[in-house]
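Written out below as structure tokens is the structure these notes cover.
The values are calculated or read from the model by the stated rules, or taken from the named source; none is laboratory data. What you are looking at is a predicted structure, and each value in this text was computed from that prediction instead of being measured. Quick reminder, even Gly has a Cβ in these numbers, built from the backbone with ideal geometry, and neighbours come from all protein chains shown.
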Amino acid sequence: MMSARMPTMATRLAPLRLHATKLQTRMASSKSMTVREALNAAMAEEMDRDDDVFLIGEEVAQYNGAYKVSKGLLDRFGERRVVDTPITEYGFTGLAVGAALKGLKPIVEFMSFNFSMQAIDHVVNSAAKTHYMSGGTQKCQMTFRGPNGAGLGLGAQHSQDYAAWYGAIPGLKVLAPWSSEDAKGLLKAAIRDPNPVVVLEDEVLYGKSFEVSEEVMSPDYVTPFKAKIEREGTDLTIVAYTRNVGFAMEAAEILDKQHGVSVEVINLRSIRPLDTDAIVASVKKTNHLITVESGFPHFGVGAEIAALMMESEAFDYLDAPMQRVTAADVPTPYARKLEELSFPDADIVVTAAKEVLSIE
């Protein structure tokens, strides 16, 4: 005989049914989206929202963008707001800076951030410094975006990571998305920001799909310029941005399965401003730190983080010297096999982690 105080089978199953319902709802409300689609949606939504926003660059209109990020925008918004240019970065970037100084909000697409070197005077001297030099009276609201870093066999002149270059400049904000959520939310936030913002995308990630929630799909969704903990852990902190977040996640899985190491992975998302507080808080928990980037070792993002950790309370919590995992200190080789050896991957991150943790 069942006691009146004992729960019935239906009562016992109710929490499970509720959990299943919530899970089904969450799965139904999520959608797979490529990074390319996320960037495209971000621009379309912001152009819908604000008539002052326009896109300018090489092949962004009729060709739908060199990497098809601007696909369909010409048909939707017309030639006034999606502007094809000659191959002259110095020219169209200067034109866009002038438009921003007059109150418009241009999105400048560089076919590669390596080509932004042709326009760096406009980016660094005109866009970044005008607001300060004018005593706060002259804004320059604009966004610079395009693929950054190495592609696949493109050679040294098309393969450099400019996070440290642009991250060193006061007056600029510098973002580096990894997932589709990052890409959509950060680009929308960049376009709305009153400062000039550099958005460093990764060519190799354009076609990669990520799950995104209904919240991310909303036209109102923007991402704060803050780091995101992609995986929580207690033994080791790995800090990375763009493609290397994926390698950090892979390394975390390997370390967990093979050595029982609990890894916390931080996706920086923003290079400038740098979310130092998030890194310090994680180091205070894990007592160990690795940074992973595709830039050169000298004067890089990892080097800046290392200095900040030495200058902060995090230093007292480190049980071992931190490690920087970077690209090789050579111009990127053209040969694909040599190129692969020049950049971090999951195995290299695992090796660095084992050294930091003194694992044989």
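All conditions in (1) modelled with pLDDT of 95 or more; (2) farther than 30 Å from Asn125 by Cβ; (3) not in a loop (DSSP other than H, G, I, E, B) hold for Lys22, with the sole exception of (1).
Picking from residues in segment 59-72 that are touching a strand residue (DSSP E or B) at 6+ places or on another chain (Cβ under 7 Å) and surrounded by fewer than 22 Cβ atoms within 10 Å (Cβ to Cβ), the one that is nearest to Glu203 (Cα to Cα) is Tyr67.
Inside segment 255-281, can you point out the residues that are among the aliphatic types (A, V, I, L, M) and in contact (Cβ under 8 Å) with a residue 12 or more places away in the chain?
Here is the first cut: in segment 255-281, the ones among the aliphatic types (A, V, I, L, M) are 255, 261, 263, 265-266, 268, 271, 274, 278-281.
Across segment 255-281, the qualifying residues are Leu255, Val261, Val263, Val265, Ile266, Leu268, Ile271, Leu274, Ala278, Ile279, Val280.
From Ile56, Ile87, grab the single residue that is surrounded by 14 or more Cβ atoms within 10 Å (Cβ to Cβ) and either assigned by TED's automatic domain parsing to the domain that holds Lys173 or more than 21 Å from the chain's Cα centre (by Cα) (or both).
Numbers: Ile87 fails: surrounded by 14 or more Cβ atoms within 10 Å (Cβ to Cβ).
Only one candidate qualifies: Ile56.
Residue pairs whose Cβ atoms lie under 8 Å apart, separated by 6 or more positions or on different chains, with the first residue in segment 61-79 and within 13 Å of Asn40 (Cα to Cα) and the second modelled with pLDDT under 95 and assigned to a helix (DSSP H, G or I), are Tyr67/Glu203. Return only the number of the condition from (1) surrounded by fewer than 23 Cβ atoms within 10 Å (Cβ to Cβ); (2) touching a residue at least 40 places away in the same chain (Cβ under 8 Å); (3) among the aliphatic types (A, V, I, L, M) that Met133 does not satisfy. Answer for Met133: the failing condition is (2). Restricting segment 27-47 to residues that are more than 23 Å from the chain's Cα centre (by Cα) and outside any loop (DSSP other than H, G, I, E, B), which is modelled with the highest pLDDT? Out of the qualifying residues, it is Ala28. Across segment 200-244, the number of residues qualifying as among the aliphatic types (A, V, I, L, M), more than 14 Å from Ile279 (Cβ to Cβ) and touching a Leu at 6+ places or on another chain (Cβ under 9 Å) comes to 3.
Any residue in segment 129-139 that is assigned to a loop (DSSP other than H, G, I, E, B) and within 25 Å of Lys68 (Cα to Cα)?
Taking segment 129-139 first, the residues assigned to a loop (DSSP other than H, G, I, E, B) are 129, 134-139.
Narrowing further to those that are within 25 Å of Lys68 (Cα to Cα): none.
No, segment 129-139 contains no residue that is assigned to a loop (DSSP other than H, G, I, E, B) and within 25 Å of Lys68 (Cα to Cα).
Evaluate the following for Ser209: is it touching a Ser or Thr at 6+ places or on another chain (Cβ under 7 Å), within 21 Å of Arg36 (Cβ to Cβ) and surrounded by fewer than 24 Cβ atoms within 10 Å (Cβ to Cβ)? Don't jump to the end; show me each part of the working.
On the way: touching a Ser or Thr at 6+ places or on another chain (Cβ under 7 Å): yes; within 21 Å of Arg36 (Cβ to Cβ): yes; surrounded by fewer than 24 Cβ atoms within 10 Å (Cβ to Cβ): yes.
For Ser209, the condition - touching a Ser or Thr at 6+ places or on another chain (Cβ under 7 Å), within 21 Å of Arg36 (Cβ to Cβ) and surrounded by fewer than 24 Cβ atoms within 10 Å (Cβ to Cβ) - is met.
Evaluated against (1) in the same structural domain as Gly103 (by TED's automatic domain parsing); (2) among the small types (Gly, Ala, Ser); (3) in contact (Cβ under 8 Å) with a residue 40 or more places away in the chain, Ala189 falls short on exactly one condition, (3). When Ala353, Ala335 are checked against the criterion of being small (Gly, Ala, Ser), touching a residue at least 60 places away in the same chain (Cβ under 8 Å) and more than 28 Å from Lys257 (Cα to Cα), Ala335 stands alone in meeting it.
Within segment 204-224, residues that are of a type in the set (Phe, Trp, Tyr) have Cβ atoms under 6 Å from residues that are crowded, with 19+ Cβ neighbours inside 10 Å in these pairs: Tyr206/Val35; Tyr206/Arg36; Tyr206/Tyr67; Phe210/Ser179; Phe210/Ser180; Tyr221/Gly185, counting only partners at least 6 apart in sequence or on another chain.
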